[in-house]
1. Once phi is turned into θ = phi - 60°, what whole-Hz ³J(HN,Hα) does the Karplus curve with 6.51, -1.76 and 1.60 give for every residue of region 473-482, x standing for Gly and Pro?
2. To check you understand DSSP bridge types, tell me what percent of the beta bridges within the chain (both residues inside) are antiparallel, rounded to 5.
3. Apply the Karplus parameterisation 6.51 cos²θ - 1.76 cosθ + 1.60, with θ equal to phi minus 60°, to every residue of region 78-85 and state each ³J(HN,Hα) to the nearest whole Hz, in sequence, with x for glycine and proline.
4. Could you grab the relative contact order for the chain? Cα pairs under 8 Å, six or more apart, rounded to a whole percent.
5. Applying the Karplus parametrisation 6.51 cos²θ - 1.76 cosθ + 1.60 with θ = phi - 60° to the phi angles of region 212-225, what ³J(HN,Hα) value in whole Hz is obtained for each residue in order, glycine and proline being reported as x?
6. Taking +1 at the Cβ of each Lys and Arg and -1 at the Cβ of each Asp and Glu, which of F288, V257, V269 sits farthest along the dipole of region 257-305 towards its positive end, judged by Cα position relative to the Cα centre?
7. With a point put 7 Å past each Cα toward its Cβ, work out how far A152 is from I508 in nm, to one decimal.
8. Please list the non-local residues whose amide H lies under 5 Å from the amide H of V452, H modeled 1.01 Å from N, same-chain partners needing a gap of 5 or more.
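The values are calculated or read from the model by the stated rules, or taken from the named source; none is laboratory data. Since this is a predicted model, take the numbers as computed values, not measurements. Glycine gets a Cβ as well: all are built from the backbone with ideal geometry, and neighbour counts include every protein chain shown. Side chains included, ligands, DNA and RNA excluded: accessible areas come from the protein's heavy atoms. Shrake-Rupley method; radii C 1.70, N 1.55, O 1.52, S 1.80 Å.
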Amino acid sequence: MADPPGCCSTCATCLLCPYSCQWITAKKEKRKGLRTTKYDCSWFLFLFCVFLFTLVWLYFAIIILNDFHNFNEFIFRQKKLWLDWSLVLLIATAVLISYSSVLLVLALCLQLCGQPLKLHWVHKVLLVLTVLVVAAAFTGLGIKWAEEWKSAWISLQATGPFLHIGAVGGMTLLAWPLASFIYRTRSTGLRVLVLLLYCAAMIALYLAPLGITSPCIMEENQLPPKPALVGHRGAPMLAPENTLMSLHKAVDCDVQVFETDVMVSADGVPFLMHDEELTRTTNVQTVFPERAALNSTAFNWTDLQQLDAGSWFLERRPFPTVQSLSPGDRQEAAEQRIPSLEQALEAAKHSNISIMFDLRPENHSDYQNFVNVTLGVILQSGIPLQQVLWLPDGFREDVKQQAPGVQHVYGRKRVENEKEPVLHVNLPYQDMSSEEIRQYRQDNISVNLYVVNQPWLFSVLWCSGVSSVTTNACQVLKEMEHPIWLLPSSTYFMIWIVVDCVSFLIIIWAFVLMK
């Protein structure tokens, strides 16, 4: 098999070495009569599929970063170990995609140089292991984090048009080694099969925009108002969650609602805390080591006030933004204590923002008393009741009677024949489609979706017309004055046609040139 013009013997040898793990010179390769067999072609096809498989996983890994803090919290509750597992995920994914990418590039270059595709058995074993690792990751995702499949579907509304352009570009570049293979192979049947498969793939890609939909394909004058921001436990990227500092940082981010979680101490004082145990966000293991595993409601208010609710934030760095805090913010964070609901209501009233909260734990035997105590604190605080957004479903009718001015937010979609109209809903962003958001908007129902941290996701929901989003990254979303992208349908149609035409011409040129 002769080298084509422009591919020197040294280059061919350098390509063969890492791919075949053998230092065979081009002259020796010719003397041995080595050539690419059908078995070798099948391994090249497997390599290409592995590359696509890892590429899809890379896409998923990037998408699930929006919700990865929840995964970190889950691991801590199970193993009492805090680590930013997103770094582990990205590093492992980068290694897998880099390995398969390098092998694929080597194989394509070898094909262009007319060299045999003799993949070494070590690479074969590693490719099989790569498939098993990625398959295990997808399986675990489906079992433990199934809602992320919905997240991936939503992400296609933001990335679909650009993925289409990238896929067309990648398949177009594949025309060169493909043409080289077709012109060199001796099997007519194999040539026809490969060419038909390639043509079918390109036709499917050329027509893919017919099935691509995105709420951000619209005219500029149709764009809904920017969604309001709800601070998830305040501003947890800038301050320890569920503290007064976090509330004040959220106010600086122009949030309209402070979202938090309320528990009631053993002596009847409502306080802010998300976890049922105090171990993640306080130093309870140091102060009360023998009681650290108890439920948060088992501690009285005097005990809770002895706990440090800020130093963990500086030590564990739950978000990368902690590293960029000023010395003054670090000092303030280290001095944080668990705030009472009364203190939070006073701060919200002073800052003129609303407060929305869950009352935990819902399955507590004394939950009705928790509701009554919490309502008593709200009524005594003097905060305007319209600034209080009530999330708990338990004893909701009692709340409506005792505090008729409180706004009720439901964690479900509306149903037919409602006794009272639902005016506010609070749902995971995966649970509402763009069409449902638009319909609720037309019916004057406020929709808040959680937890939205990435600009791409915020852009999709903005274009869909959502009323507000709960976020950890209020400092990021605050700066967005426009969705990441917004295209009129006519402009997108023009881009689609131009990309397809240019791709078609390049493919024709590649086949003519290689012949």
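1. Values per residue, Gly and Pro as x: 10, 4, 5, 7, 5, 4, 7, 7, 9, 7 Hz.
2. 15
3. 7, 10, 6, 10, 9, 7, 7, 5
4. The normalised contact order for the chain reaches 16 percent.
5. 8, 10, 8, x, 8, 8, 7, 6, 4, 6, 9, 5, x, x
6. The Cα lying farthest towards the positive end belongs to F288.
7. 3.7
8. Sorted by chain and number, the residues that satisfy this are T470, T471, N472.
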